[in-house]
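Let me begin by presenting the structure, written as structure tokens, before commenting on it.
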Amino acid sequence: MNGKGRSVKGRLFSGKPEREVGEELEFHIEERVREFMAAGMDAESARRAALERIGDLERVRNECSELLEAERRSLARRDWFGDLLQDLRFTLRAARRAPLFTLVAVITLALGIGANSAVFGVVKSVLLDALPYGEPDRLVRVSATFDSGPALTGALSAGTVHDIQERQRSFSAVGASSSGGPDAVLNADDVATTVRLAHVSPDFFRALGVSPVLGRGFDEADTATDTSQVAILSHAVWQQHFAGDRNILGRTIQLNGLARTVVGVLPRDFIHPVRRSDVYMPLNLAPVLQDPVSARGSHFIEVVGRLDRGVALEAAHAEMVALGADLSAEHPRENRGIGLQAQRLHTTMAGETRTPLLVLMASAGLVLLITCANLAAALLSRTIARRKEFAVRVSLGAGRGRVTRQLLSESVLLAAVGGAAGLLVAHLGVAALSGANIEALPDYAELSLDGGAVVFTFALALLTGVLFGLSPALTAGRAEPQAVLRDESPGSSGSRGSSRTRGILVAAQVALCLSVLAGAGLLTRSLLLMASQPLGFEVGEALSFNVPLSNASHPDASSRILFNDEMSERIGSLPGVTAVAVTNFLPTRVQNSNSVNVVDGPPSTDDATPFILTTGVSEDYFSTLGIPLVAGRLFTTADEINAQPVAVVSQAMARHFWPGGDPVGARIRVGPNPESTPLEVIGVVGDVRSSLAETEPQPMLYMSLRQGWWGNRFIVRTAGDPLDHVNAIRAELAAYDPTLPMAQVTTLRDVVDEALAARRLPMLLMLSFGGLALVLVCVGIYAMFANMALAREREFGVRMALGSSRGAVATLVLRQGALWMAVGLGAGALGVIGVGRALESLVFGIAPLDPLSILAAVGALIVCAALALAVPVVRATRADPVVSMR
Amino acid sequence: MFAEKHAFLQGTLELLILKAVSWGPVHGYGIARWIETTTDDVLRVEDGSLYPALYRLSRKGWIKGEWGVSENNRRAKYYTLTPKGRAQLTEQVSGWHRLAMAVTHAVNSRHAPAGAG
């Protein structure tokens, strides 16, 4: 708002500066002409003389216009600033007069805005911020799509990668990487640690647009040698294990007992786009491509592509889909049922966090809307209480616009203070989140409230202030001063219109709250179901750890089996240890699946060969984990490398391949090689849930570790706290071989908990948003009806004096309340449907519109609302006829 | 006569404008005529300098322009002195007197500067 339009003077002033100056000068010239003509000149020479007196008319006009414009600008600024100072004074005065209201409003706003900026901070770092690569918008991930099977991995076979590199036209660079292999042991300064290893093609870093901060990337020569001799370190490994040694280049490090030369160090913020990796080695696909089976049969390579200039993601995706179809046709045996896709790299890295984050953002937004509706209603009541103040100001000459603006300034200032406090809330929230070190969030996300989040917070605060201040401000601006000043009644609460506005605001709060509560209910029930569904194995007290063996010290199966046997025996003899088992994957974390065909069996019903989750286990695995044997027998030490290969299947797998039949004695072929020796199924065991996110167990195949399936992950069943036994086991391992590290020490309970943590976080946040919404709504309902009951106190008194019962008066209040509640619940039903749809991919084991969750939400809302209503209703029935009539 | 860039004379023009509007609302042409007649045409305002001076004074907040209707029923912008402008006028008038007296005193002097001759 500036000086324009404030008075008659202002309005006359409001023409364009050039026109105003022009008119003034024209008047001057005409007067001069008149003067000269009166002195005897003819019209033409008079005008010429007048213009001569001015000189350069154009220059004068421009100079004057500029001066006038500058004057107006500074005037506008002064006016605006003056009004602002006045608003600020009024606001402080109003806040001092109602300290409790101000405090509650600021706290409410701080929670509402803080929740939003905390979630926004996470959303920004996960979904909005650029990835730490060069021109990250042009990066895509090319991955496989499987028509069937658990689709745990979208990795590609070497043959497919080779064909992509040969045939593609969409990318300027294609990088390949294999990051899913076993961890490696890094020996530095006599300390053995495990590191995550990634093998990458020379084009990998180039495609990502990343160059090492020290040294160089890989080149073709690095992959030409049979065994790779060079390594590139991540920044973290360089810092932690080599103390950031600037002379690291050329130094030899020991990886899995073999010497490697360090040729580069990656930037601090670099992160492998698929799996966080510590040490990088060159990826050489040539030997794999020469192997007829694994060339197209083993899927272990991740591919990133850099879109060529002018190529859209959609075009690249279409090209990959077409290429996938071509490859399926060219290699029907290996590639049937496997397609290709191209996705934005950011999308694949954000992964499953995207939906929960957006849902949380939306919920936080709903909570803020409730806050707005709540404060709008509260301010409306206050405005009505203060209407005399405004009426006096209007009759003393304050413009209506000025009163509206003052109230708006009050609410915006309130929101700004709330926003500042909210920033603090958000800061604490984000600190708690990053302190919790949640596995659920992608590795690249650095949680912090940056400048963007601060700007967002204050923009949000401004918007909030306008949103909740607008309706009261307009109401106050519209008030008729005479009518207000004449009306002497103390409590009459404004017009029918404003009470309807407040009713709508309460109904809106109820509707929004119901949506948030239903969402919280759905997530809670889903998580409870996930957690309460039997896992299929006994968690109890059990420790797990991994011993990564290097190829140098343990080059073959027999040396690894020997290690497993000897270590199991040593650990088993420790006091407090009741059982020891060895495997390659912990239950619920199996990441390996193989194609399975039944030999001589009926052809499988669907076209594609199913991929089945596969685990290698020791003989004691099933008894240690309490997985029951259903039919046949379990593995024994006799099932060793030279004996008939055998397999144990889960009940789900038995149902899948031999519906109604007996799998024991059947023969299956595992993996892509059609010439491989078939395995004989010797037993059926109970189902184990392969993922906590799924309530239905997937088919599972077990093989004996003695028959060539490598794994050194120990599961130790203990009496008492498993962590109490770590030191004894570590000592035992060190006594056996001091160069071997004990890695990834955890308890089975933590494994299960961690799997749920990713889902617990959104649920907890959703629950707290729901709780916050519920409290706000109750306050809102209470405030509205307290106000109404107070306003109609006299009427109620009269009614009772005339013989109305207390019950009848209570009904009167309740009816009005119930009406707005019903409107709110009705509108909320639509919100619930929307929430159900949004949560569809996050809710497991129940329908997206699970009636129990929704009924719980409605029930909680109604109970709380009833409590909030009770106080004003009781007060209404206590109205004293005598006092009221006086 | 009033050369634009001449600060001394520009200050004089501003003083004359302040004086001209001190009697009451007057338009730009009226100010020009007033200066001409009261100085017996000794000082002739160059109209091209008058208006920028008016806008400068208005921007300083010393005078205020308002649209009104002239004697012959034309829309014209009338200038009045603001309180701030009145204080300026008083100050500048006494300043002018001091200056004029000093200059008069100097040009009438019979003492040669030290070191002259």
* Which numbered condition residue A:532 misses (of (1) without any contact (Cβ under 8 Å) to a residue 24 or more places away in the chain; (2) more than 41 Å from the chain's Cα centre (by Cα)) -> (2)
* To do: Considering only residues that are among the small types (Gly, Ala, Ser) and in contact with a helix residue (DSSP H, G or I) (Cβ under 7 Å, 6 or more places away or on another chain), look in the stretch A:172-188 and name the one that is nearest to residue A:310 (Cα to Cα).
  => A:173
* For the stretch A:575-619, name all the residues that are modelled with pLDDT of 90 or more and among the small types (Gly, Ala, Ser). => A:576, A:579, A:581, A:616, A:618
* Residues A:74, A:65: which one is surrounded by fewer than 17 Cβ atoms within 10 Å (Cβ to Cβ) and facing chain B (nearest Cβ under 10 Å)? -> A:74
* Asked: In the stretch A:269-289, is there at least one residue being over 37 Å from the mean Cα position of the chain (by Cα) and surrounded by fewer than 16 Cβ atoms within 10 Å (Cβ to Cβ)?
  -> yes
* So which residues in the stretch A:91-144 are under 18 Å from the mean Cα position of the chain (by Cα) and not in a helix (DSSP H, G or I)? -> A:129, A:130, A:131
* Kindly indicate whether any position in the stretch B:60-81 is part of a helix (DSSP H, G or I) and over 13 Å from the mean Cα position of the chain (by Cα). => yes
* Structure fact -> The residue that is surrounded by the fewest Cβ atoms within 10 Å (Cβ to Cβ), considering only those in the stretch A:648-693 that are under 30 Å from residue A:753 (Cβ atoms) and of a type in the set (S, T, N, Q), is A:691
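Would you mind listing the strands (runs of 3 or more DSSP E) fully within the stretch A:256-368 where at least 1 residues are modelled with pLDDT of 90 or more, farther than 30 Å from residue A:778 by Cβ and touching a Gly at 6+ places or on another chain (Cβ under 6 Å)? Working first, answer last.
Working: elements: A:258-265, A:279-282, A:299-307, A:338-344.
Qualifying strands (runs of 3 or more DSSP E): A:258-265, A:299-307, A:338-344.
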* Would you mind telling me which numbered condition in (1) closer than 30 Å to residue A:411 by Cα; (2) crowded, with 24+ Cβ neighbours inside 10 Å residue A:296 fails? => (1)
* Out of all the residues in the stretch A:80-89, is one or more touching a Leu at 6+ places or on another chain (Cβ under 9 Å), more than 14 Å from chain B (Cβ to nearest Cβ) and either surrounded by 18 or more Cβ atoms within 10 Å (Cβ to Cβ) or part of a helix (DSSP H, G or I) (or both)? -> yes
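Quick check: anything in the stretch A:707-716 modelled with pLDDT under 90 and either assigned to a helix (DSSP H, G or I) or within 20 Å of residue A:845 (Cβ to Cβ) (or both)? Can you show your working first?
We begin by selecting, within the stretch A:707-716, every residue modelled with pLDDT under 90; these are A:707-712.
Then keep just the ones that are either assigned to a helix (DSSP H, G or I) or within 20 Å of residue A:845 (Cβ to Cβ) (or both); that gives A:707.
Yes: the stretch A:707-716 contains one or more residues that are modelled with pLDDT under 90 and either assigned to a helix (DSSP H, G or I) or within 20 Å of residue A:845 (Cβ to Cβ) (or both).
Determine which member of the set A:410, A:488, A:480 is closer than 19 Å to residue A:386 by Cα, acidic (Asp, Glu) and modelled with pLDDT of 75 or more.
Values: A:488 fails: modelled with pLDDT of 75 or more; A:480 fails: modelled with pLDDT of 75 or more.
Sole residue among the options that is closer than 19 Å to residue A:386 by Cα, acidic (Asp, Glu) and modelled with pLDDT of 75 or more: A:410.
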* Identify, by number, the condition in (1) closer than 30 Å to residue A:260 by Cβ; (2) outside any loop (DSSP other than H, G, I, E, B) that residue A:549 doesn't meet. => (2)
* When you go through B:81, B:16 one by one, which is the residue that is of a type in the set (A, V, I, L, M, F, W, C), out of contact with any Pro (no Cβ under 7 Å at 6 or more places or on another chain), away from chain A (no Cβ under 14 Å) and within 24 Å of residue A:35 (Cα to Cα)? -> B:16
* Selection status of residue A:510, hydrophobic (A, V, I, L, M, F, W, C), surrounded by fewer than 24 Cβ atoms within 10 Å (Cβ to Cβ) and at pLDDT 85 or above -> no
* To do: Could you please find all residues in the stretch A:22-53 being touching a residue at least 24 places away in the same chain (Cβ under 8 Å) and of a type in the set (A, V, I, L, M, F, W, C)?
  => A:25, A:29
* To do: Go through (1) surrounded by 21 or more Cβ atoms within 10 Å (Cβ to Cβ); (2) free of Cβ contacts under 8 Å to residues at least 60 places away in the same chain; (3) closer than 30 Å to residue A:689 by Cβ and name the single condition residue A:764 misses.
  => (1)
* Please enumerate the residues belonging to the stretch B:48-76 that are farther than 15 Å from residue A:70 by Cα, more than 9 Å from every other protein chain (Cβ to nearest Cβ) and either modelled with pLDDT of 90 or more or in contact with a Lys or Arg (Cβ under 8 Å, 6 or more places away or on another chain) (or both). => B:62, B:63, B:68, B:69
* What single numbered condition from (1) assigned to a helix (DSSP H, G or I); (2) within 34 Å of the chain's Cα centre (by Cα); (3) of a type in the set (Ser, Thr, Tyr) fails to hold for residue A:444? -> (1)
* Hits in the stretch A:35-59 (condition: over 19 Å from residue B:43 (Cα atoms), more than 8 Å from chain B (Cβ to nearest Cβ) and among the aliphatic types (A, V, I, L, M)) -> A:37, A:38, A:39, A:41, A:43, A:46
* Go through the stretch B:6-56 and give me each residue that's buried (at least 18 other Cβ atoms within 10 Å of the Cβ), more than 25 Å from residue A:62 (Cβ to Cβ) and of a type in the set (Phe, Trp, Tyr). => B:34
* **In the stretch A:189-229, residue farthest from the chain's Cα centre (by Cα) [restricted to those that are modelled with pLDDT of 85 or more and small (Gly, Ala, Ser)]** => A:215
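The values are calculated or read from the model by the stated rules, or taken from the named source; none is laboratory data. Since we're looking at a predicted model, the values are computed, not measured. With ideal geometry, Cβ positions are generated from the backbone for all residues, glycine too; neighbour counts draw on all protein chains shown.
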